[in-house]
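Here's the structure, in structure tokens; my notes come after.
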Amino acid sequence: QRLKAAVHYTVGCLCQDVAEDKDLQFSKQTIAAISEITFRQCGTEVCYFLILCRHAKRSTVTTEDVKFLARRSNSLLKYITQKSEELASSNMEQKEKKKKSSAAKGRKTFGQQEAAVTESEDSNMA
């Protein structure tokens, strides 16, 4: 029920944006109908994802599954591909940052290494 309400809210916001942009108005019934269609279509797509995963003997829906189902709409496929590539490059950048920061933490500067050696020698002499 909460999910359905969230879909209805989102559709309402999108309709409001379109209405302002195109100087139109959407009735409450129209927004409700679009929301219901959207909710049902999403349910249908989830079933397709489950079928694809079972067929491929997987338990995880991949980006390729989404692209496969979106292939009937060139504009949707193009949009999903673009977003997928953006997310992939963003993830790569984050991994590189993590790698660099962990490598920097692991490395000591020459001065730090020299001080550690001197401290170690001093404790051995005592």
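The values are calculated or read from the model by the stated rules, or taken from the named source; none is laboratory data. From a predicted model like this one, the values you see are computed outputs, not experimental measurements. Please note: Cβ atoms are built from the backbone with ideal geometry, for glycine as well, and neighbour counts cover all protein chains shown. Calculation scope for accessible area: heavy atoms of the full protein, side chains included, ligands and nucleic acids excluded. Shrake-Rupley method; radii C 1.70, N 1.55, O 1.52, S 1.80 Å.
Annotations for the structure displayed:
- Spatially proximal lysines relative to Lys83 (Cα-Cα < 20 Å; intrachain offsets below 8 disregarded): Lys67, Lys95
- The lysines within cross-link reach of Lys28, meaning a Cα-to-Cα straight distance under 16 Å and a gap of 8 or more places when in the same chain, are Lys4.
- Modelled FRET efficiency - R0 30 Å, Lys95 with Thr38, Cβ distances, 0.05 increments: 0.30
- Region 1-50 - charge dipole about Cα centre, Lys and Arg +1 at Cβ, Asp and Glu -1, debye rounded to 20: 300
- Exposure of Ile34 as accessible area (Å², to 10), given a probe of 1.4 Å and all protein chains: 60
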